[in-house]
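Presented below is the structure to which this report refers.
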Amino acid sequence: MDLERLLADRLAPAFAAVAGGPVDPLVRRSPRADFQSDAALALGRRLGRPPRDIAAEVLADAVLDDVCVSAEVSGPGFLNLTVADAALADLVSGLAGDARLGVPVTAAPQTVVVDYSAPNVAKEMHVGHLRSTVIGDAAVRLLDWLGHRVVRVNHLGDWGTPFGMLIEHLVDLGEAGAAHELSMGDLDGFYREARAKFDSDETFRERSRLRVVALQGGDEQTLRWWRLLVAQSERYFLTVYDLLDVTLSEDDFRGESAYNDLLAGVVDDLDRLGMLVPSGGADCVFPAGFSGRDGEPTPLIVRKSDGGYGYPATDLAALRQRVGELGATRLLYVVGLPQRQHFAMVFAVARAAGWLCPPARAEHLGFGSILGGDGRMLRSRAGESVKLVGLLEEAVTRATDLARRRNPELDAEAAAEIGRAVGIGAVKYADLSTDRTKDYVLDWERMLALEGNTAPYLQYVYARIRSMFRRAGTTARPDAPLVLTSPAERALAVELLGFAAVVGEVERSLEFHHLAGYLHRLATAFNAFYERCPVLRAPDELRESRLLLAELTARTLRQGLHLLGVRTPERM
């Protein structure tokens, strides 16, 4: 049972009686008690009454005796609530027999399309792809676990004018030579060679232009070469996803090219709806509420002056297909914050055209940048974007070295397994524990630290619990009676009961730093409990109770970290 929800349900009827209608009791954790309700403050302003009087009236009417040992009015009108130990013990005992740790499967499942990662064909993934991939994968894991139908979409950049030069470079190398070069993973090298020839060789440039025409015209030989480029790139992307330990597969690739046949229909329908406006030779839509610095309306260009289609047309076609064919009711676009206005305009046009109507809604899950120690965009020493594979391999190497130093007795295989779990987990958790709308600095020392709000710290606490059970040679009894004899036990029990509320909040907001923060609080509460409350040396009844608290902590850490895409090794 979600303890915050239980208290809110007990207070809600009393607040409704005072207000003459429904009121959210606004129950939250409190430093002065277990929980507090702030609702009387806002209700006092609304009703023109002293908030303390309202809080006292609510307290007199609410049924709390079987849940709270103390409930009192405090300050300008807060309701401070301290939960009874017996109620805490009963609620925590209920978690022991629940495979979902108090988190229900949603009663209203949605079809959710999550658009994330989105690398470009014939280009290597760089550090800029990390956040989209990690945040998107966490969203997929969470929503899927809650019972929603989740559709992953990896919106590859696999179409457009650059493919003329890329295909011509492939032709120059020969299929076998090009396939070999691409299979070595040096996609950036392939792209740079093609770009250099395009910039310096007029003949090659003209061939490239003609090749674009052939590609867009459906020439079969050109399409075969294009498919070779796409296939080799997809193989490379899958190796990165495997290393990063995300759930994307080859079935989730859906490139821009998949929407080609829909683009003309998008433009025709916008024209039929009277939304299309010629401007500067291009066909545009001017959604309401968007203007530039000069105050002039900002256009969304759906067809360029040369007759080609840009990103807005593709994104509109994709959105319409996801709502119409896939039946999506929630569309998530995990793309950097610089694209905020683009998506706001696309969504506005889709709503105006009638393609995005309730219950369907679209959300841009924007995110900030990863910075270097100098506070600037993270770059290699050569000033280029840091390749994602290189960053991940460095994380694994650093974590493996740390594991060997801490445990010299580890064999190579065990050290490598721990190094991968800790290194990749550290990278992902550093991202997800940060407010996604903010930039953060990539700091290896902090990310890999065994203290603070880091993945290694949480993994260490989990491994510590598992080690304790191995030493004990036993498991926890799910039916063991819980006895809360110390403040540290009580504090741990309260944290365990907070998991469902946090998961529910993150389901709505998809702000994963709230889940990370909860897991850190839980791990910290367990460590305090472990240091102050002997477990294996406790008397039998107390020993069984404390083993159960430890087991529930391990299960919650494992499930919470799994939702973030972080593994939990049994040993550290």
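Just so it is clear, none of the values below were taken in a lab; they were calculated from the coordinates. The structure presented is a predicted model; accordingly, all values stated were derived computationally and were not measured. With ideal geometry, Cβ positions are generated from the backbone for all residues, glycine too; neighbour counts draw on all protein chains shown.
Each peptide in 549-556, 329-336 was scored by the mean count of other Cβ atoms within 10 Å over its residues; highest first, the order is 549-556, 329-336. On the principal axes of its alpha carbon atoms, segment 226-269 extends 44, 23, 12 Å, with the longest extent given first. A simple rule links phi to the HN-Hα coupling: the Karplus curve 6.51 cos²θ - 1.76 cosθ + 1.60 with θ = phi - 60°, which for segment 168-176 gives 5, 5, 4, 4, 5, 6, x, 4, 5 Hz, with x for Gly and Pro. Taking the centroid of alpha carbons for each part, segment 416-492 and segment 339-390 are 30 Å apart. Using only alpha carbons, segment 237-317 has a radius of gyration to Kirkwood radius ratio (Rg to Rh) of 1.16. Modelled spin-label separation between ARG470 and GLU363, with each label point placed 7 Å from Cα along the Cα-to-Cβ direction: 4.0 nm. Here's how it looks for GLY255: its modeled amide H is under 5 Å from those of LEU156, which are all 5 or more places away or on a different chain.
The calculated P(r) of the chain, using every Cα pair and 20 Å bins from 0, goes 18, 44, 30, 9, 0 in percent.
Any chance you could check the Cα centroid distance between segment 155-173 and segment 270-309 for me, in angstrom? Each part reduced to its Cα centre gives a spacing of 28 Å.
Compactness of segment 293-424 is given as radius of gyration and Dmax, 22.5, 69 Å, from Cα positions. Among the trypsin sites (Lys or Arg not before Pro) within segment 364-421, those in coil by DSSP and having at most 16 neighbouring Cβ atoms inside 10 Å are ARG376, ARG381.
Rounded to the nearest 0.05, what FRET efficiency do ASP540 and ARG100 give with R0 = 35 Å and r taken as the Cβ-Cβ distance? Could you check?
Numbers: r = 30 Å, r/R0 = 0.85.
After rounding, the FRET efficiency stands at 0.75.
When the Cα centres of segment 519-572 and segment 1-76 are compared, how far apart do they sit, in Å? Cα centroid to Cα centroid, the span is 32 Å. In the chain, the DSSP-assigned H stretches of four residues or longer account for a calculated mean residue ellipticity at 222 nm of -17500 deg cm²/dmol, using -39500 (n - 2.57) per stretch and the full residue count as denominator.
Other residues with beta-carbon under 11 Å from the beta-carbon of ALA16 carry, at +1 per Lys or Arg and -1 per Asp or Glu, a net charge of -2. 3J(HN,Hα) along segment 322-334: 5, 6, x, 8, 8, x, 5, 10, 9, 10, 10, 10, 8 Hz, from the Karplus curve 6.51 cos²θ - 1.76 cosθ + 1.60 with θ = phi - 60°, whole Hz, x for Gly and Pro.
Students often check this: by mean Cβ neighbours within 10 Å, which of 302-310, 430-438 ranks highest, and how do the rest follow?
Working: 302-310: 16.4, 430-438: 19.4.
Descending packing order for the listed peptides: 430-438, 302-310.
In terms of overall dimensions, segment 434-572 has a Cα radius of gyration and Dmax of 15.6, 50 angstrom. Cα extents for segment 8-103 along the principal axes, largest to smallest and rounded to whole angstrom: 47, 25, 20. The dipole here belongs to the chain: it is taken about the Cα centre, uses +1 on the Cβ of Lys and Arg and -1 on the Cβ of Asp and Glu, and is about 900 debye.
Here the Karplus relation 6.51 cos²θ - 1.76 cosθ + 1.60, evaluated at θ = phi - 60°, turns the backbone of segment 508-515 into coupling constants of 7, 8, 6, 9, 6, 5, 5, 5 Hz, with x for every Gly and Pro.
Less than 5 angstrom separates the built amide H of ALA328 from those of VAL323, all sequence-distant by 5 or more or on a different chain.
To the nearest µm²/s, what D does Stokes-Einstein give for segment 51-97 at 20 °C and 1.002 mPa s, using the Kirkwood radius over alpha carbon pairs as Rh?
Details: Rh = 11.7 Å.
Roughly 183 µm²/s, to the nearest whole number.
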